[in-house]
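*Asks:* Sharing a structure below in structure tokens format, with a few things to ask.
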Amino acid sequence: MEAVTPSEGWGVLHLFYRIDRDRAAADPGGAKRVLDAVEALEADGHQALVSCVLGHKADLGVMALGPDLARLQAFEAELAAAPLSPVWSYLSLTELSEYMSTEEEERERLAGHAEGLTEEAIEQRLEAWRARMAKYREDKLHPRLPMKKLICFYPMSKRREEGANWYSLPYDERRRLMGGHARVGMSYAGRVLQQASQLCVAEQPPQAGQVAFPGLQRTVGATDREGRLRVSPCHRLAPRHGASCSPFRRRSA
């Protein structure tokens, strides 16, 4: 199978299933199919976390990620052989925050430091900053997820209502608000590992012909730090029931 790799980041696939108990009772080896699929995916350099879901909407949750979108699709197909009924899926890509500080901004911050840093001291701190940012980029784009006792998944949609549209705010204001959000998150360092990815498509099996996620029907643009219009490539039409779940996935002939 030919690989399908994003130009930056990894694919992240969230799958939610109900156990088909009639099929499971008739097929005692069904659970092993899930384990075999996970083992094969990990052997191919990808990752998968499997969890039970608290609540009535699903029984099993699977988070799979890695560099090859075609391999993630094959993994999903392998799970289809198990006694599972899909109830929801999300495809996203790992990404870097558009609100990260640039080296020029960090240099300017250090130059205005109250201690009156020398040029040599500024360069030393910049070197440490570059190392931290390199690790940050690697962790965000190519995360290595540890085994944890608990996992929490939530899709977040910023408001796009008339008079309350996140993307209509100026870049500096959005950056200020996200900075506060980041500071709260850093207070949980060492206790909670957060992995954010940009949603490409969400699909719920609705009634035939119904749009699954109407909020993604329109393309949304926002300005970047230079004031240029930035249109996210992952704000796309949601698929209709029975359609391919992702614009990245190849369809068979």
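What follows draws every value from the coordinates through simple rules; no lab data is involved. Just so you know, these numbers come straight off a predicted model, no measurement behind them. Backbone-built Cβ (ideal geometry, glycine too); neighbour counts: all protein chains shown.
*Asks:* Lysines within cross-link reach of Lys57: Cα-Cα under 20 Å, excluding same-chain residues under 8 positions apart?
*Replies:* none
*Asks:* Per-residue counts of other Cβ atoms within 10 Å, averaged by peptide: what ranking do you get for 68-74, 7-13, 183-189, highest first?
*Replies:* Result, highest mean first: 68-74, 7-13, 183-189.
*Asks:* Just the number, please: Stokes-Einstein D of the range 99-142 in µm²/s, Kirkwood Rh from C-alpha pairs, 4 °C, 1.567 mPa s.
*Replies:* 116
*Asks:* Sort 28-35, 128-135 by packing, meaning the average of other beta carbons within 10 Å per residue, with the highest value first.
*Replies:* 28-35, 128-135
*Asks:* For the pair Arg109 and Asp139, how long in nm is the line joining their label points, each one 7 Å along Cα→Cβ?
*Replies:* Distance between label points: 1.5 nm.
*Asks:* If you take the Cα Rg of the range 1-80 and divide it by 2.2 N^0.38 Å, with N the number of residues, what do you get?
*Replies:* The reported ratio for this selection is 1.16.
*Asks:* Okay, next question. In the range 99-142, if the dipole is taken from +1 on Lys/Arg beta carbons and -1 on Asp/Glu beta carbons about the Cα centre, which of Tyr136, Thr102, His113 is farthest to the positive end?
*Replies:* Of the options given, the answer is Tyr136.
*Asks:* Which value, in debye to the nearest 20, describes the size of the charge dipole of the range 99-142 about its Cα centre when Lys and Arg Cβ atoms bear +1, Asp and Glu Cβ atoms bear -1, and nothing else is charged?
*Replies:* So the magnitude is around 300 debye.
*Asks:* What is the extension gain from Ser85 to Leu150, computed as 0.36 nm multiplied by their sequence separation minus the C-alpha to C-alpha distance, in nm to one decimal?
*Replies:* Length difference between fully extended and current span is 21.1 nm.
*Asks:* Once the cut-off is 23 Å, how many percent of the Cα-Cα pairs in the range 1-157 end up in the long-distance tail?
*Replies:* 52
*Asks:* Given the peptides 101-112, 155-166, 86-97, arrange them by the average over their residues of other C-beta atoms within 10 Å, most packed first.
*Replies:* 86-97, 101-112, 155-166
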